[in-house]
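Take this structure first; my questions come after.
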Amino acid sequence: MRGRRLRLLDRRVHAWVGGLPTTPVDRWLRRLSTAADHGKLWLAVAVLLGLRRGGLRRGAVRGVGAQAVSSLLVNALLKRVFGRVRPDMANLRSERKLRRSPVTLSFPSGHSSSAAAFATGVAMEHPLAGTALAPVALGVGYSRVHVGVHYPGDVLAGLAVGAGVAVASRHWWRVRPEAPARVRTAASAPALPDGAGLVVAVNPRSGPDGFDPAEEVRNRLPAAEIREVGAGAGVLEVLDEAVRAGRARAVGVAGGDGSVAAAAAVALEHGLPLAVVPAGTLNHFARDVGVDDAAAVAEAVSRGEAVCVDVADVNGTAFLNTASIGVYPAMVRRRDELAGRLGTWVALTVAAAQVLGRSEPVRLEVAGRPVAVWILFVGNCRYTPRGLSPAWRPRLEDGLLDVQVLRADVPFSRTRAVVGALLGLSDRGTAYETFAAEEVRVVSRSGEQEVAYDGECGVTGSEFVFAKRRPLTVYCCRRG
């Protein structure tokens with residue numbers, strides 16, 4: 001009885017919309033409905049959003065992925081299950097009719113599903129952009145009723161399906177939180193107005209082509225000493241020389257995660273605070289600590305605001321993010337090569353399949369226990385999400401190493417790892433182990449292995465000790 005009443009109400013509302021007077025809006029709604037055919041409107045918007053790195057690009061990728069899944073779900077399954085025919089458009093005025101009337105089933109609306117999926121996906125990564133797209137998505141949904149090809153219930157169901165698919169994508173690709181990681185805030189650092197007393201090593205090769213990090217640092221910190229690094233002297237050598245010459249009350253770096261790790265080693269050795277200008281490709285450490293750009297760094301340096309964060313160490317070499325043995329470095333490099341074309345989630349799956357498929361396992365002794373592994377991953381503080389693609393840290397002061405192992409001595413471990421990455425379940429299988437510790441000793445039984453850390457290739461060896469160093473003071477203004 002209730003279903004019959006709802007269907008009757010659906011038809012009445014559809015008839016009421018069909019009886020609205022003719023206005024110039026009819027033409028624009030018809031064009032909007034046509035523009036959304038086959039997701040063309042949303043693909044065009046995704047291209048525009050993808051021109052900007054960060055939340056907009058991540059939102060575009062998530063939106064397109066959610067749109068594709070919701071479209072498949074609606075057209076291949078739900079419409080066939082419900083089997084609702086299209087409204088009778090015999091009495092629809094000609095100025096509202098589409099040039100080509102759809103011949104597929106009606107419930108739920110595929111246009112509405114795609115619109116909601118894309119707008120919700122964008123909003124999850126960039127709320128402001130998602131809010132701006134919401135009226136467009138709703139307009140697409142209403143336009144389908146206005147041109148007569150859907151009942152209002154079709155549209156409401158399509159919007160619900162699309163939004164639900166986008167929200168469900170969190171299971172496969174978690175949304176990076178806007179809040180930075182927890183840190184120790186009881187840190188003291190000298191206030192250096194305009195950067196006076198700060199020596200900054202700039203890596204001109206970091207970041208996108210055409211970007212000059214040195215010029216940005218000079219504009220924000222005009223009194224700082226800016227030193228560009230090159231083949232003759234790297235970050236460590238440039239900063240160490242300045243400190244020993246007595247020119248530095250603090251050290252800074254503009255570059256990627258590898259450059260930041262080198263600068264951190266100098267800061268730790270001499271007990272100085274570190275200023276980090278995010279100028280690399282990924283800037284994992286800067287994002288986790290809450291440093292967004294050069295302007296934020298300049299404000300913190302001028303005001304003397306700083307935090308304390310954990311630092312990890314492998315055989316005497318400091319690292320701020322991750323270190324790894326096995327195929328993980330090659331897998332991440334391949335993922336980053338593919339991510340621009342495929343998106344992070346699909347790129348990770350493809351990279352895992354390609355790299356694991358041609359690799360040999362490494363026999364290690366981890367914390368005294370022998371194990372054959374594909375990947376040994378050690379993070380400075382615990383990462384999330386767990387699995388083959390750890391992305392960020394909720395805390396930078398937990399005093400722990402995050403040890404993650406993909407075992408090779410479990411049947412079909414490579415296949416299970418790839419399938420797990422695809423389904424977002426790589427941290428739940430028996431081939432995958434994790435634990436946290438303050439110190440971990442690793443011995444290779446497969447000869448010397450290379451250890452990679454913070455995006456850089458390290459030295460080779462057969463014995464590795466991962467531990468924690470004393471905390472590092474980093475200039476940072478913590479909001480709220």
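Once the piece of chain linking N219 and S446 is laid out straight, how much longer is it, given 0.36 nm per residue of separation minus the C-alpha distance between them?
76.6 nm is the gain from fully extending N219 to S446.
On to the next question. What FRET efficiency comes out for the pair T131/E237, r = Cβ-Cβ distance, R0 = 35 Å, nearest 0.05?
About 0.15, to the nearest 0.05.
Rg/Rh for the range 2-171 to two decimals, with Rh computed the Kirkwood way over all alpha-carbon pairs.
Reported Rg/Rh, Kirkwood definition of Rh: 0.99.
So for the range 62-142, averaging the separation of alpha carbon pairs under 8 Å that are six or more residues apart and normalising by length, what relative contact order in percent results?
39
How long is the gain from T23 to H270 if the chain were fully straight, where each residue apart is worth 0.36 nm and the alpha carbon distance is subtracted?
Value of the extension gain: 81.5 nm.
What length, rounded to one decimal in nm, is gained on full extension from R247 through to W16, with 0.36 nm per residue of separation minus their alpha-carbon distance?
Net length gain for the segment: 75.4 nm.
Which FRET efficiency value, to the nearest 0.05, do you get for N315 and T104 by plugging their Cβ-Cβ distance into 1/(1 + (r/R0)^6) with R0 = 56 Å?
My answer for the efficiency is 0.35.
Kindly state, to the nearest 0.05, the FRET efficiency for V85 paired with R5, given R0 = 22 Å and r defined as their beta-carbon distance.
It comes out at approximately 0.70.
Something else: Would you mind computing Rg(Cα) / (2.2 N^0.38 Å) for the range 193-304, counting N as its residues?
0.93
Throughout, read-outs are computed from the coordinates displayed, never taken from laboratory work. As the structure is a computational prediction, the values presented were derived from the model and not from experiment. Please note: Cβ atoms are built from the backbone with ideal geometry, for glycine as well, and neighbour counts cover all protein chains shown.
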